[in-house]
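Just below is one structure, and these are the notes that go with it.
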Amino acid sequence: MKNESYVPAGEVQARIGRLQRCMEGRAMDAVFIVDRVNLLYFSGTCQDGFLLVPRQGQPLLFIRRYPPRAAAESPLPVIEIRSVKEVPGLVKRRRGRLPRRVGFELDVLPVRDFSFYRRLLAVDEAPDASELVFAVRRVKSSWEIAQMEKTAAVSRQTFDYIRRVLAPGLAEMELAGMYETFARRLGHAAGLRVRGFRTEGYNWHILSGARGAVVGLLDSPASGTGTSAAFPCGAGSAKLAAGEPIMIDLATVVAGYHMDETRMFALGGMPAGALAASRACIAVHDAVIAAVKPGVECRQLFDIGLAEARRLGFADIYLGPEDYRVRFVGHGVGLELIEPPAIAAGHSDRLEPGMVFALEPKMLQPGEFAVGVESVFAVTDSGARLLSQVPVDIFIC
């Protein structure tokens, strides 16, 4: 019997079929998939290899290392290769000729690799296939959502653990190590997948007190201090203290699927200003969730959140300080921590049933605090359903 985390054959075939229909509209002969996450999505395995998806017919899965594992994980036939240089000959043997117009994942494929693959396959035209790939990936199946619910259960248990162990004197990074150890016992894979070569994923985003209200490299209201100039974001060496806000942004991944959630904590109590801002973030969160339904544009949800923050009197600190305010309040999430589409100003993407978002209204008062809340929800036929299992609340320990 196959491991329950393996992607069912029906899932893989449905995904390939949707990609092929997208290719019809762009007159692409094939898509050559190299990116590991896309390889996992369309084949069920992320062993070292390549996937050629033709516009019509069965895909060709070439595996260099390790074919037996790939064959156990993927419902597709595995073609063993020693080198990618064997691919053109194998394609000709199975399909009669090489495709002429081949799409590549230009959002992540390094220029040198792209040039090599294009020459190798003797491609006439090499358009960007990334938009097509994400047109398929952006809507999650019921099977995918069920996987995310399993991840949500691990996240909930980890937040429960944090509530039990939170104590004055713990360093931010020390607490991060404690909860990561706990989560790993439950199946947290630790290695977060993020897209973009300038982005690094990590799960120790703990911002406490005034130290948390530090703007930095992240496209987020607050970056925190981090451990050094070499990693200037997230948890640092500062020790948690009573009476100050503690924002914990926890990313969890189980069997490839992510959850991205934030909750506010405090030891003994929280200053009135930070507490009021934390409650305002929850109000914005709830207002946006209430407006979710198929057909709504992402920019409409962003505008609803902004209007609620303004109504509550927090527009000046909503989504960061004025000169560095971010332009989004949510993002897709799934096999990667951040996926399109974004709930952002000016984004006209329309919600569809099966889309999954992390919604994260946050506020920053420079020199005082960073606060926020983040939950993951799925778009349904009539509205939104929270996949997050952590209560949307402020936890005073």
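Bear in mind these aren't lab numbers, they're just calculated from the coordinates by the rules spelled out. Computed from a prediction, not measured in an experiment: that's the story for all the values here. Cβ coordinates were reconstructed from backbone atoms using ideal geometry, including for glycine residues, and neighbour counts include every protein chain displayed.
Structural remarks
- Taking the stretch 142-396 and dividing mean pair separation by its residue count, relative contact order in percent (alpha carbons under 8 Å, at least six apart): 23 percent
- For a straight C-alpha distance cut-off of 21 angstrom, the lysines reachable from Lys150 (same-chain residues fewer than eight places away being disregarded) are Lys2, Lys140.
- Cα long-axis angle, helix 9-26 against the chain (0 to 90 degrees, to the nearest 10): 80 degrees
- Given (i) 0.96; (ii) 1.06; (iii) 1.01, the label whose value is Rg/Rh (Cα atoms, Kirkwood Rh) derived from this model: (iii)
- Taking other residues whose beta carbon is less than 11 angstrom from the beta carbon of Leu306, and scoring Lys, Arg as +1 and Asp, Glu as -1, yields +3.
- Nearest-ten-degree value, helix 142-165 long axis tilted from longest Cα axis of the chain: 30 degrees
- Aspartates and glutamates whose Cα lies under 15 Å from that of Lys85, excluding same-chain neighbours fewer than 8 positions away: Asp48, Asp113
- Whole-Å distance, taken between Cα centres, linking the stretch 1-59 and the stretch 199-245: 38 Å
- Rounded to the nearest 10 degrees, the inclination of helix 172-185 to the longest alpha-carbon principal axis of the chain is 50 degrees.
- Charge sum, other residues only, whose C-beta stays under 12 Å from Val326's C-beta, Lys/Arg counted +1 and Asp/Glu -1: -1
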